[in-house]
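Following: one structure in structure tokens, then a few remarks.
The values are calculated or read from the model by the stated rules, or taken from the named source; none is laboratory data. Computed from a prediction, not measured in an experiment: that's the story for all the values here. Every residue, glycine among them, receives a Cβ derived from its backbone with ideal geometry; neighbour counts consider all protein chains shown.
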Amino acid sequence: MRIDAPQRRRPQENLVPMINVVFLLLIFFLMTAQIAPPEPFEVEPPEVSEAADTDGTLSLYLGPDGQIGFRDVTGDETIAAIAAAREKDCGGACDADGPVLMLRADRNVAADEVAALMTRLGTAGITRIELVTARQ
């Protein structure tokens, strides 16, 4: 009499460990991602032959029509928002004169508007402003 061995069942594949790894990676990337605030409006910086590399995080935007914006604030409240952010922290760009403010002005803005804005910033206590330019 011949007795056959019972057929072996193939064990089902377990997907739980793979799902755990995917969720851990997702959580890791969400926790380590640095989310930048959106720009209030698009500006086209002026061109220059040699641009300096900067790492300032306080960015003021000046549009071609003279509109100013800082993070999610536009208009007359912008200077007050910059002063409040300056007092809160310097954003990693501090020097002896205080935090560095990056001015991202559109190339088509009038020079007298830039000068008037710098005067307003000076009266608000901001002593160092750097103009962001694009390399030709």
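Remarks
- Some residue of region 47-64 being outside any loop (DSSP other than H, G, I, E, B), at pLDDT 85 or above, of a type in the set (A, V, I, L, M, F, W, C) and closer than 21 Å to residue 119 by Cα: yes
- Residue ID - surrounded by the most Cβ atoms within 10 Å (Cβ to Cβ), chosen from residues in region 82-108 that are modelled with pLDDT of 85 or more and among the hydrophobic types (A, V, I, L, M, F, W, C): 105
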